[in-house]
1. What is the percent carbon and sulfur in the accessible area of the chain, measuring with a 1.4 Å probe over the protein chains and ignoring ligands?
2. Among 19, 36, 49, which residue has its Cα positioned farthest towards the positive end of the charge dipole of segment 1-54, with +1 placed on the Cβ of Lys and Arg, -1 on the Cβ of Asp and Glu, and the dipole taken about the Cα centre?
3. Using alpha carbons only, how many angstrom separate the centre of segment 45-82 from the centre of segment 155-182?
4. Roughly how big is the chain's charge dipole about its Cα centre, with Cβ charges of +1 (Lys, Arg) and -1 (Asp, Glu), in debye to the nearest 20?
5. So for the pair residue 7, residue 39, with labels modelled 7 Å out along Cα→Cβ, what separation do we get in nm?
6. Can you compute the FRET efficiency between residue 46 and residue 155 using 1/(1 + (r/R0)^6), with r the Cβ-Cβ distance and R0 = 22 Å? Round to the nearest 0.05.
7. In square angstrom, what is the accessible area per residue of the chain with a 1.4 angstrom probe?
8. With the Cα gyration tensor of segment 132-193 giving a ≥ b ≥ c as the square roots of its eigenvalues, does the rule (a/c under 1.5 for rounded; else a/b larger than b/c for prolate; else oblate) give rounded, prolate or oblate?
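The values are calculated or read from the model by the stated rules, or taken from the named source; none is laboratory data. Just so it is clear, the model here is predicted, and its values are computed rather than measured. Ideal geometry is used to build each Cβ from the backbone, glycine not excepted, and the neighbour counts take in all protein chains shown. Ligands, DNA and RNA are excluded from the accessible area calculation, which covers all protein heavy atoms including side chains. Shrake-Rupley method; radii C 1.70, N 1.55, O 1.52, S 1.80 Å.
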Amino acid sequence: MIRKVWSIAVTEFINTLAAKGFLLAVILTPLFIGGSVLVQNFLKERIDVGDRRFGVLDRTGRLFDPLAARASERDDSEIHDARGDAGRQTQPRFVPIRAELPAADAAAGKGAAEAALSDQVRSGKLFAFIVIEADALSEDSEAGIVYHTQTPTYVDLPQWIHLTLNQEIRKLRMEREKIDVSLIKRLLKAVSM
C-alpha cells in the first residue's frame, strides 16, 4: 500500500515539474523580484528638482514679501545635500510669483484672477497657486489660504506654505497687539531631550 502511495506521489511530482506553468513560475519569480529591486535602486536616485513656481494672490497686501523672502532663504540653505553649496540639489526650489488683478479686471470680481491663475496651472506655467483672503490676518475670521494645483499628491509645497504663512501671520498679529515676538519665542523654546 505504501509503495502505491509513493508511486503516485512521485508520478504527480514529476508531472508538476514538467508542467510549463510551474517551470515559468520557478524561473520568472526570481527575475521579477530582482527586476523590481533594480528598478527601485534606479528610481531612488531620480529626484524631480524642477522649480515649483506658484502664484500668490495676496488680498492682505502684507504676506507676499515675507513669503518670497522665506522661499529665498529656503532655496539658499535647505535644498542641497550635506555638502552645502557645492552639494547636489535634492529638493525643488519654491518660486513665488506675485499675482495681481489688473485694474481692468477688478470689475469682473474675485473669480477673474483665480480663473487666470487656474489657466496658468493648466498650461504648466505655474505648478500651483494660493489665494490669501483679505481678512486672513484677523484672529476672529474664518477666512484663510486656499491652495490650488493639478498635483495634489505633492505635499511639500502646501505644507511649507502653510507653516511659513502661519508663522508670519502669528508674528503680524503679535506686532499688532504690541506683544514682543522675541519674548514669545524665548518663552516657547522647546527643551532638548
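1. That share works out to 59 percent.
2. 19
3. Each part's Cα centre sits 15 Å from the other's.
4. Charge dipole, the chain, about its Cα centre: 940 debye, nearest 20.
5. 4.9
6. Calculated transfer efficiency: 0.70.
7. So the chain comes to 71 Å² accessible per residue, rounded to a whole number.
8. Oblate is the answer for segment 132-193, as a/c is 1.5 or above yet b/c matches or exceeds a/b.
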